[in-house]
């Protein structure tokens, strides 16, 4: 950790809480995905040969509602309630991604996950130790993220493989930058939040970094993933 974190026990505990919560979210999603891949009843309830079932669509879009609930009500929710919402969000995301374990080989998933974890750790560390204020890049990342989403929606109709790979490369670069940016922003939130609000702030920070990790993994998987025969 950075010198500032070592010198400030409160900041050290705060950042530890953020990364432990984020890791817990990743673990919950991984466990839920594994359960889908190994439980035929659950898998068939969510997926068919033609795509998602009705329940599958509900599970896919339910996390969006939980994110909105958590973001809008974070100042009114207790830390325990916010933590439960984050956990429920992570589990639902894991269930919706269970199809990945059915589509890709375990080896390619494992190697991509390890590569993502290593890259994420390095980028988050770089963001924390950087003396440069990255807050000015917020507008750039927001515009880039909106542009990426729009382009991906367009490609749902175009169905261009080369365009999809180009978007995946952009996605990797964008979320690599966002990881460093958000790691620094989470650290800054510690000083901006009042004492009684820091637990809730840590949950928002964990959610933000969880999303960076998840998207980095998904975009990398498009390059490294090996589909089952």
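Values quoted throughout were computed directly from the atomic coordinates according to the rules given, and no laboratory measurement underlies them. Quick caveat: nothing in here was measured; it's all calculated off a predicted structure. Ideal geometry is used to build each Cβ from the backbone, glycine not excepted, and the neighbour counts take in all protein chains shown.
For the peptides 198-211, 125-138, residues were scored by their other Cβ atoms within 10 Å and the scores averaged per peptide; the highest-first order is 198-211, 125-138. The alpha carbons of segment 25-107 give a radius of gyration and a Dmax of 13.9, 43 Å, in that order.
Please give the FRET efficiency for residue 48 paired with residue 145, using the beta carbon to beta carbon distance and R0 = 35 Å, rounded to the nearest 0.05.
Calculated transfer efficiency: 0.65.
Taking each DSSP H run with n ≥ 4 as -39500 (n - 2.57) and averaging over every residue of the chain yields -28500 deg cm²/dmol at 222 nm. Simple spin-label estimate for residue 16 and residue 76 gives 3.4 nm between the two label positions (7 Å along the Cα-to-Cβ direction from each Cα). Model label points for residue 129 and residue 87, set 7 angstrom from Cα along the Cα-to-Cβ axis, are 3.4 nm apart. Judged by the mean number of other Cβ atoms found within 10 Å, the most tightly packed of the peptides 152-160, 17-25 leads the ranking 17-25, 152-160. Ranked by the mean number of other Cβ atoms within 10 Å of their residues, highest first, the peptides 72-80, 162-170 fall in the order 162-170, 72-80. The alpha carbon gyration tensor of segment 73-179 gives principal lengths a ≥ b ≥ c with a/c below 1.5, which makes the shape rounded.
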